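What follows is one structure encoded as structure tokens, with my remarks underneath.
The values are calculated or read from the model by the stated rules, or taken from the named source; none is laboratory data. Because the structure is a prediction, the values reported are computed rather than measured. Virtual Cβ from ideal backbone geometry, glycine too; neighbours counted across all protein chains shown. Protein only, heavy atoms only, side chains kept; ligands, DNA and RNA dropped before computing areas. Shrake-Rupley method; radii C 1.70, N 1.55, O 1.52, S 1.80 Å.
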Amino acid sequence: MSGGGLGKHVDDLGAAVEAHDDERFFEALQGIARATPQSRPDEVQAALGKLVPVLAQIPYGMGADLAQPPPRQREGCGRPLPLEG
């Protein structure tokens, strides 16, 4: 795969998940984010095919940043309400 090594970054992400290596995990995510815009659609599709099973096996807590809402959505959230119990 060309496109700035998108496939390599996906492979690195998988290896980081297997090794429980947070630093390598986030470096690979950043690499994926940088490489994707320059990649051809078929490269992105192939990378997604490899990425889905990796994301399915991420240990609890390792991928917590993946599910954050974009800043635009967070702005309208206001302060959290206390839980009543």
If Pro37 satisfies every condition in (1) open to solvent by 60 Å² or more (accessible area, probe 1.4 Å); (2) within 21 Å of Tyr60 (Cα to Cα) but one, which is the exception? (2)
Tell me, please, whether a residue that is touching a helix residue (DSSP H, G or I) at 6+ places or on another chain (Cβ under 7 Å), open to solvent by 20 Å² or more (accessible area, probe 1.4 Å) and polar (S, T, N, Q) can be found in the range 10-31. no
Name the pairs: first residue in the range 4-22 and over 21 Å from Tyr60 (Cβ atoms) and free of Cβ contacts under 8 Å to residues at least 40 places away in the same chain, second residue hydrophobic (A, V, I, L, M, F, W, C) and open to solvent by 40 Å² or more (accessible area, probe 1.4 Å), Cβ to Cβ under 9 Å, at least 6 apart or on different chains? Lys8/Met1; His9/Leu29; His9/Ala33
